[in-house]
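Here's the structure we're looking at; comments come further down.
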Amino acid sequence: MHTDSENNIKLSIIIVTWKVRKLVMECIDSVYKYIELPDNEYEIFVVDNASDDGTVTAIQERYKDISVIENTSNVGFGSANNQVYSECKGEYVLLLNPDTLLLDNALDLMVDFMDMSEDISVMGCRLLNEDRSFQRWTAGAFPSLLNVASHYLFFNKILPKNHRINSLYIEDDIEYSKNVDWVSGACMIIRHSDIGEYIFDSSFFMYGEDMELCYRMKKQGGLVAYYPAASVVHYQGKSMEQQEGEILLQALKGPRNFYTSIHGTKFTILFDFFAVTGFLIRWLIYGVLSLVRQNKEYSKKMNLSLRHLKTALKVLLKFKN
């Protein structure tokens with residue numbers, strides 16, 4: 001992948017994987033298919049968190065130039081990225097989830113944009129669902145009780161646009177780049193010289209570490225940007241389907257973990273109340289609509305909302321232990 005001239009390396013790519021052999025192979029294939037950087041200007045690291053599904057062997061057999069680290073236990077997303085950070089020689093470090101699929105020249109677009117924007121420390125791209133619809137948890141504002149309440153209790157849907165607060169998640173699929181508070185760690189590029197000794201706070205096992213990183217960079221005076229010209233498919237939560245119910249709360253746990261790390265636990269009962277109430281309201285609304293309109297789609301949404309509600313109660317109670 002890279003030559004003895006390590007100073008030429010433009011981009012270091014880190015992929016942390018757990019029990020998604022097929023997806024991570026497809027992810028790596030998409031990197032090789034679309035990246036336009038010369039071979040000696042990028043490097044790829046894969047950290048496997050004890051997958052036991054043949055991931056390491058499959059990668060080593062197919063890709064001879066990738067550096068693979070095999071952990072004997074699941075050390076978490078943040079710690080696994082930190083594990084190889086000291087070995088990264090690129091001007092930029094790209095963190096890429098194994099359940100992502102690059103589209104077109106997304107990586108090169110991100111590198112070019114960072115080259116043109118020296119004040120940006122962290123940048124995220126446009127994330128898409130499997131059906132190519134927009135994934136709102138691509139970026140947004142840091143969580144506060146106000147914007148959490150607004151998100152879960154529909155205030156930003158009801159209020160006129162000029163009265164809305166900065167949304168926890170991007171509301172619209174915009175076509176222009178903009179500065180934001182945080183971007184998703186599913187596909188995040190960081191300026192190596194701005195980061196320091198580690199990427200993520202290792203106290204975050206999973207969820208919220210991307211917000212903490214963005215918060216830290218902004219405190220240092222760097223900017224965090226969302227760049228929708230680069231698009232990546234994110235098969236949200238495929239690596240978490242082995243953990244019963246956890247996938248339903250990915251969008252909740254990240255903001256909550258980050259909020260607690262900054263503000264402590266004093267007001268998290270309100271945070272939890274807004275989230276649980278929001279799922280309850282959705283379940284009731286879709287339940288009524290499914291009865292009145294006899295629409296299978298509403299029935300599916302009702303059942304999904306009920307699953308969210310049950311898992312929210314289960315996980316939030318577990319948080320308090």
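Below, the figures for the structure above:
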| read-out | value |
| --- | --- |
| Qualifying positions in region 291-311 - at pLDDT below 85 and either β-branched (Val, Ile, Thr) or touching an Asp or Glu at 6+ places or on another chain (Cβ under 6 Å) (or both) | 311 |
| The lone exception for residue 236 - which of (1) in a helix (DSSP H, G or I); (2) modelled with pLDDT under 80 it fails | (1) |
| Wholly enclosed strands (runs of 3 or more DSSP E) of region 67-177 bearing at least 2 residues among the basic types (Lys, Arg), at pLDDT below 90 and assigned by TED's automatic domain parsing to the domain that holds residue 197 | none |
| Identity of the residue in region 21-42, of a type in the set (D, E, K, R) and under 21 Å from the mean Cα position of the chain (by Cα), that ends up farthest from residue 75 (Cα to Cα) | 29 |
| Every pair of residues 6+ apart whose Cβ atoms lie under 7 Å, when the first sits in region 141-165 and is among the small types (Gly, Ala, Ser) while the second is assigned to a helix (DSSP H, G or I) | 141/147; 149/155; 149/274; 150/156 |
| Residue within region 100-114 that is of a type in the set (Asp, Glu) and touching a residue at least 24 places away in the same chain (Cβ under 8 Å) present | yes |
| Members of region 171-216 found to be of a type in the set (Val, Ile, Thr) and touching a Pro at 6+ places or on another chain (Cβ under 9 Å), listed by number | 174 |
| Residue that is surrounded by the most Cβ atoms within 10 Å (Cβ to Cβ), among those in region 10-29 that are part of a helix (DSSP H, G or I) and in contact (Cβ under 8 Å) with a residue 24 or more places away in the chain | 24 |
| Pick from region 68-111, criterion crowded, with 18+ Cβ neighbours inside 10 Å and among the small types (Gly, Ala, Ser), ranking: nearest to residue 213 (Cα to Cα) | 78 |
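For every residue, the table says whether it meets (1) of a type in the set (Asp, Glu); (2) part of a helix (DSSP H, G or I); (3) at pLDDT below 85; (4) over 30 Å from residue 21 (Cβ atoms).
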| position | (1), (2), (3), (4) |
| --- | --- |
| 194 | yes, yes, no, yes |
| 217 | no, yes, no, yes |
| 229 | no, no, no, yes |
| 242 | no, no, yes, no |
| 262 | no, yes, no, yes |
| 272 | yes, yes, no, yes |
| 285 | no, yes, no, yes |
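The values are calculated or read from the model by the stated rules, or taken from the named source; none is laboratory data. Please read these numbers as outputs of a predicted model, since none were measured by experiment. No Cβ is skipped: glycine too gets one built from the backbone with ideal geometry, and neighbour counts run over all protein chains shown.
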